[in-house]
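Have a look at the structure below, then the notes.
Readers should treat all values here as calculations from the given coordinates under stated rules, not as data from a laboratory. Note that the structure is predicted; figures quoted are calculated from it, not measured. We place every Cβ from the backbone using ideal geometry, glycine too, and count neighbours over all the protein chains shown.
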Amino acid sequence: METKALIVLAALLSGCATSDYTGKRVFAAAVTQGQAKAERPKLNLPEACFAHVERVPIRDEPWVIHNWRWNASADNRDRQGDDCRAYQEDYNKQNAGNR
């Protein structure tokens, strides 16, 4: 298919095909082929997707306080993961027509 398009394009450029309509059709076909072969852009996820749960060092404190600090750290990471999921869903919705 690509070979035929190149032959027709070469004929148009050399002057063998004189019809302006043919030139427009060849150009439109080339544009359509380019759009069909175009790759979707690479999904660049935000840094929140790669974040690790923050470590909560043990201090000289009751276990309840340590557990509270750890839960606060885990909640922060969960929010970051939710942000990543929302970003990915938005991206996929925007590119749904490009498949």
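Under the simplified labelling scheme, the ARG69-VAL53 pair shows an inter-label distance of 1.6 nm, with each label point 7 Å from Cα along Cα→Cβ. The 3J(HN,Hα) values that the Karplus relation (6.51, -1.76, 1.60; θ = phi - 60°) gives for segment 70-86 are, in residue order, 5, 5, 4, 5, 5, 4, 4, 5, 4, 5, 5, x, 5, 4, 5, 4, 5 Hz. Gly and Pro appear as x. Extension gain for ALA30-TYR87 works out to 17.2 nm (0.36 nm per residue, less the C-alpha to C-alpha distance).
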